[in-house]
Amino acid sequence: MNPIVITSALTLTLLILIICLLIYKRFKGSQIPTAVLILLVCFTAINAAVTYFVYPKESANAYKQLVWQPLAPSNIPALVASGKTVFVDVSADWCNICKGNKDGVLQREAVVNLLGQDNTVLMLGDLTHSDAKIEAFLADHNAFGVPFNIVYSPQYPKGRVFSRVLDYNEVIEVLTR
């Protein structure tokens, strides 16, 4: 298990125990300042939030198991003609919206299951560093930045472009057609 998660969980437990002890002593008549209790509750909430966001989720691990090919636009028409669905994700490590799309939509279990189907080919265009081929692909779709997600399939041979901020229900709907 992640050492940060273990440390955070132990700290969280300790903070909760201290809060409970101080509340108990306050009810018994001890003079415990309210500001101390409020401060401890704030630290506890922050610790809980950090623990939640650091803790690896099952779907994040499943997402990491997906096999992404480098973006190859010239291969897409033949894949679609053979009945495949091609999901293209153009993103960058420095892109916060891209990270939000991964956390909020692409790493969720139902989406991971659809992306991992045998008839689906995943292509990744990584614009962490400038790449003329990926930038040309974006320009062909009148998109000039990241994130950019598009699905090609027999139902969408010319591609179905998603909004910059992915919508979970929309992605599910498009991938199940």
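The values are calculated or read from the model by the stated rules, or taken from the named source; none is laboratory data. Note that the structure is predicted; figures quoted are calculated from it, not measured. FYI the Cβ positions are ideal-geometry reconstructions off the backbone, even for glycines, and counts take in every protein chain you see. For accessibility, only protein heavy atoms count, side chains too; no ligands or nucleic acids. Shrake-Rupley method; radii C 1.70, N 1.55, O 1.52, S 1.80 Å.
Remarks
- Solvent exposure of segment 58-177 amounts to 54 Å² per residue of accessible area, where only protein heavy atoms count and the probe is 1.4 Å.
- The chain - share of DSSP beta bridges that are antiparallel (%, nearest 5): 40
- Per-residue accessible area (protein heavy atoms, 1.4 Å probe) orders Asp93, Asp131, Asp126 as Asp93, Asp126, Asp131, starting from the largest.
- Taken over the chain, lysine pairs spaced eight or more positions apart, or on distinct chains, with alpha carbons under 27 Å apart number 15.
- Cα shape, segment 83-136, gyration tensor, a/c 1.5 rule: oblate
- Between Gln31 and Ile16, the modelled label-to-label distance comes to 3.2 nm, taking each label 7 Å out from Cα in the direction of the beta carbon.
- For the chain, Cys20, Cys42 stand unpaired, since no other cysteine beta carbon lies under 4.7 Å from theirs.
- Förster radius 45 Å - calculated FRET efficiency between Val41 and Asp167 (Cβ-Cβ, nearest 0.05): 0.80
- Residue-normalised accessible area of segment 11-52, expressed per residue, 1.4 Å probe, Å²: 74
- Accessible surface of segment 19-177, 1.4 Å probe, proportion on carbon and sulfur as whole %: 59
- Cα gyration tensor of the chain - equivalent ellipsoid semi-axes, whole Å, descending: 47, 16, 14
- Computed over protein heavy atoms with a 1.4 angstrom probe, the accessible surface ordering of Ser8, Ser74, largest first, is Ser74, Ser8.
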